[in-house]
Structures are given as C-alpha cells and as structure tokens.
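A quick write-up on the structure given underneath.
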Amino acid sequence: MSRIPLIAGNWKMHKTVAEAESLVRDLVPRVEGLEKVEVAVCPPATALHVVGQALAGSVVELGAQDVFWAEQGAFTGMISPVMLKELGCKYAIVGHSERRGRFGKPDESLGEAARVFGDTDASVNLKVKAALGHELIPIMCVGEMLAERDEGRTDAVVTRQIEVGLEGVSAEQAAGMVIAYEPVWAIGTGRACGAEEANRVIGLIRKTIRGKFCEEVGDRIRIQYGGSVTDKNAHELLSQPELDGALVGGASLEVCRFALIVQAASVIAKEVSK
Ligand code: PGA
C-alpha cells in the first residue's frame with residue numbers, strides 16, 4: 001500500500017500577513033507539478049485568511065496550528081473548528097509539544113522547545129475529535145521529552161499519547177488522519193532524530209494503531225516525522241519506509257529550503273512506487 005507523503009510547514013509565531021502572502025506566492029510555482037507528494041502550510045491564525053485566498057486553486061493546502069474543541073462560546077483567544085473550516089483549512093495541527101505540558105514559564109535549562117500551554121493527552125483527544133467532527137484532518141503530534149528518552153520510556157510515552165489521543169475515534173476517521181512523531185528534544189534544536197530511530201518509533205506507532213483499530217487503518221494512516229528536518233537531512237529521513245512525510249518548522253520559513261524538502265519527498269515516493 002503506498003501512502004502519499006505529506007510535507008507540512010509549521011510556521012509557528014512567524015510571518016506577518018504581508019510576509020505570509022509573499023512566501024506562498026513564491027512557494028506555489030516551485031512545488032506545482034511535483035508528483036506523489038502533498039504540501040501544506042500552517043501559518044499563524046492572523047494570516048490564515050489571506051494565505052487561504054492566495055492558495056485558492058493551487059496544489060498547496062492550508063492548515064491551522066491548533067484548534068479548540070468547542071464550536072463557539074466564552075473561550076477567550078480560542079479558535080473553533082467551524083471558523084477554521086470557513087477559512088478553507090484542510091488540516092489542523094493538534095497536540096504540538098509547544099502546546100502540551102504545564103502552564104507557565106518554560107524551563108530554559110532543559111534546552112527543549114517551550115511546553116507552556118497546558119495541553120494534556122485528554123485535551124488533545126477532545127481537539128482531535130472536534131477537528132474530525134468538522135471534517136478537518138488532525139495532524140496529531142506525539143513525542144517524548146529528553147528525560148523520558150534517557151529513562152528508556154520513549155515507547156511507553158508515545159504509545160500512551162496515541163492510545164489516549166485516539167480514544168473514541170472511529171477506524172474510518174483514524175485511517176484518514178495524520179500523526180507526527182516529534183521527539184521534543186529534536187524540535188528547533190538542530191538535532192534531528194537518527195533516521196533509523198525515527199523509522200523504529202514510527203513503526204511502533206503504526207503497530208499500536210493496527211492493534212487499536214485493524215491492519216487496514218495501520219496501512220492507511222500517514223505518520224510523519226518532525227524535528228529539525230532540513231533540506232540537508234530530508235532525503236535520508238524520508239527514505240525510511242515507515243515515514244510518510246515531515247512536519248517542518250524552521251526550514252519551512254525559507255521557501256527554497258522548504259521546496260527542496262518537498263522535491264526530495266516527491267523523488268523518493270516516485271522511486272518507491274516504481
Ligand atoms: P523544527 O520544528 O523543524 O524547527 O525543529 C518542527 C516542529 O515543531 O513541528
């Protein structure tokens with residue numbers, strides 16, 4: 001079964017509306033016509049509308065960086081799945097490690113991405129279900145922190161995040177979802193996970209999903225790798241058989257580097273399908 005890889009750019013809190021529009025106008029012609037790869041960009045909420053308009057009719061899809069679980073109500077600062085759908089979003093990142101963890105000031109001594117917005121496995125699950133309920137495809141992020149890896153708990157942590165995050169999700173819904181394996185220590189640090197280890201953990205995630213649902217869901221669900229993916233390491237990472245694309249942070253802010261990653265994914269997917 002061949003899955004089309006998804007290369008998604010997570011812009012985080014970067015780009016004004018004008019900068020965002022100019023980036024995608026530059027990006028579209030560079031990735032148009034590339035086969036066997038899907039491309040998405042996830043700009044900050046302030047730029048979703050303009051970027052959506054600039055992408056209309058193009059091959060590049062629109063995604064949001066987070067979604068709240070309620071449709072509307074007294075939830076200051078939150079954005080509902082209905083609102084994202086209206087803006088033309090196809091995807092919504094859910095449970096990114098920068099949104100998980102405790103509230104408050106990040107502990108800079110950890111040398112890891114900030115985990116400051118308090119998302120838990122349970123709130124991630126509510127967001128996943130809300131997105132699916134409004135025909136948004138969640139890109140659900142999972143991944144262990146450095147201390148958890150050092151204690152040998154990587155597999156247990158990732159398995160728990162998958163089990164709880166997908167609670168109450170139907171097999172059909174799960175099959176259409178995207179999971180991103182993003183070890184927290186690899187995000188924004190320039191220290192990507194080794195390709196073989198990324199492949200191993202993603203294989204474990206697929207096995208967990210096969211066990212939770214069935215063989216077919218495991219075959220169909222797309223599982224990306226994320227964490228310091230660049231145009232330099234993309235080929236090695238994306239050549240791993242379990243990886244169905246990448247969630248790219250820093251390198252997605254530079255159009256040339258991002259387009260090179262998309263091209264690498266396309267070349268590899270075409271080779272595999274021969
Ligand atoms: P990075 O971020 O590519 O800058 O490490 C990845 C992510 O946070 O999704």
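The values are calculated or read from the model by the stated rules, or taken from the named source; none is laboratory data. These numbers were taken from a predicted model, which means no experiment stands behind them. Positions of Cβ are backbone-derived with ideal geometry, glycine not excepted, and every protein chain shown enters the neighbour counts. What goes into the accessible areas is simple: the full protein's heavy atoms, side chains included, and nothing from ligands, DNA or RNA. Shrake-Rupley method; radii C 1.70, N 1.55, O 1.52, S 1.80 Å.
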Scope the range 84-115; condition assigned to a loop (DSSP other than H, G, I, E, B), within 16 Å of the ligand (Cβ to nearest atom) and at pLDDT 95 or above; matching residues: 95, 96
Answer residue from the range 196-213, given it is open to solvent by less than 10 Å² (accessible area, probe 1.4 Å) and not β-branched (Val, Ile, Thr) and is nearest to the ligand (Cβ to nearest atom) among those: 198
First in the range 86-97 and over 15 Å from residue 6 (Cβ atoms), second anywhere and at pLDDT below 95 and away from the ligand (no atom under 13 Å from the Cβ), Cβ under 7 Å, 6 or more apart: 95/119
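Residues are listed down the side, and each one gets a yes or a no for (1) in contact with a Leu (Cβ under 6 Å, 6 or more places away or on another chain); (2) more than 15 Å from the ligand (Cβ to nearest atom); (3) over 21 Å from residue 65 (Cβ atoms):
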| site | (1), (2), (3) |
| --- | --- |
| 135 | no, yes, no |
| 146 | no, no, yes |
| 163 | no, yes, yes |
| 169 | no, yes, no |
| 184 | no, no, no |
Matching option when the condition is within 16 Å of the ligand (Cβ to nearest atom) and farther than 15 Å from residue 249 by Cα, among 81, 44, 5: 5
Matching helices (runs of 4 or more DSSP H) fully within the range 177-274 where at least 3 residues are in contact (Cβ under 8 Å) with a residue 60 or more places away in the chain and of a type outside the set (Val, Ile, Thr): 255-272
Scope the range 223-260; condition crowded, with 21+ Cβ neighbours inside 10 Å and within 10 Å of the ligand (Cβ to nearest atom); matching residues: 224, 225, 226, 227, 228, 229, 246, 247, 248, 249, 252
Whichever residue in the range 1-49 is out of contact with any strand residue (DSSP E or B) (no Cβ under 7 Å at 6 or more places or on another chain), outside any helix (DSSP H, G or I) and touching a residue at least 60 places away in the same chain (Cβ under 8 Å) and, among such residues, is most open to solvent (accessible area, probe 1.4 Å): 1
From the options 194, 211, 227, 203, residue that is out of contact with any strand residue (DSSP E or B) (no Cβ under 7 Å at 6 or more places or on another chain) and under 20 Å from residue 93 (Cβ atoms): 227
Residue match in the range 214-222 (condition: within 16 Å of the ligand (Cβ to nearest atom) and either under 22 Å from residue 89 (Cβ atoms) or surrounded by fewer than 16 Cβ atoms within 10 Å (Cβ to Cβ) (or both)): yes
